[in-house]
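J.: Right, I'll just put the structure down here and ask away after.
The values are calculated or read from the model by the stated rules, or taken from the named source; none is laboratory data. The structure displayed is predicted, hence computed values, not measured ones. Neighbour counts run over all protein chains shown; Cβ positions are idealised from the backbone, glycine included. The protein model used for the area step is the full one, side chains on, heavy atoms only, and it has no ligands, DNA or RNA in it. Shrake-Rupley method; radii C 1.70, N 1.55, O 1.52, S 1.80 Å.
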Amino acid sequence: MRQMQWTRVAQNWNSARQRLQAHFTELDPETLHQPPARMETLVAQVAACHDLTVFEARDALEALLFTDSLPCEIRRRVG
């Protein structure tokens, strides 16, 4: 099971936002201007816009954003 650190995703928001916009095309770009304080907020938005359950939305977000949650030195090695 992946463990994401939301603070690291928020610190790398430009990268995360680009991937979110490309993958979740129904999300309003204005909602992605700043990272939400909590991942649950983004999970709820993705679920609502893409007709997913919160569990499906969380899984999709974690898979998409996992590398942004890694420490910087590991992220560089992953690519």
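J.: What are the residues in the stretch 13-48 that are touching a residue at least 12 places away in the same chain (Cβ under 8 Å), within 16 Å of ALA63 (Cβ to Cβ) and either in a helix (DSSP H, G or I) or touching an Asp or Glu at 6+ places or on another chain (Cβ under 6 Å) (or both), if any?
T.: Within the stretch 13-48, SER15, ALA16, ARG19, LEU20, HIS23, MET39, LEU42, VAL43, VAL46 meet the criteria.
J.: Tally the residues that are under 20 Å from PHE55 (Cβ atoms) and open to solvent by less than 90 Å² (accessible area, probe 1.4 Å), restricting the search to the stretch 6-45.
T.: 13
J.: Is at least one residue of the stretch 56-64 modelled with pLDDT under 90 and in contact with a helix residue (DSSP H, G or I) (Cβ under 8 Å, 6 or more places away or on another chain)?
T.: yes
J.: Let me ask something else about it. Out of curiosity, is ALA48 of a type in the set (Gly, Ala, Ser), on the phi < 0 side of the Ramachandran plot and either more than 11 Å from the chain's Cα centre (by Cα) or surrounded by fewer than 17 Cβ atoms within 10 Å (Cβ to Cβ) (or both)?
T.: yes
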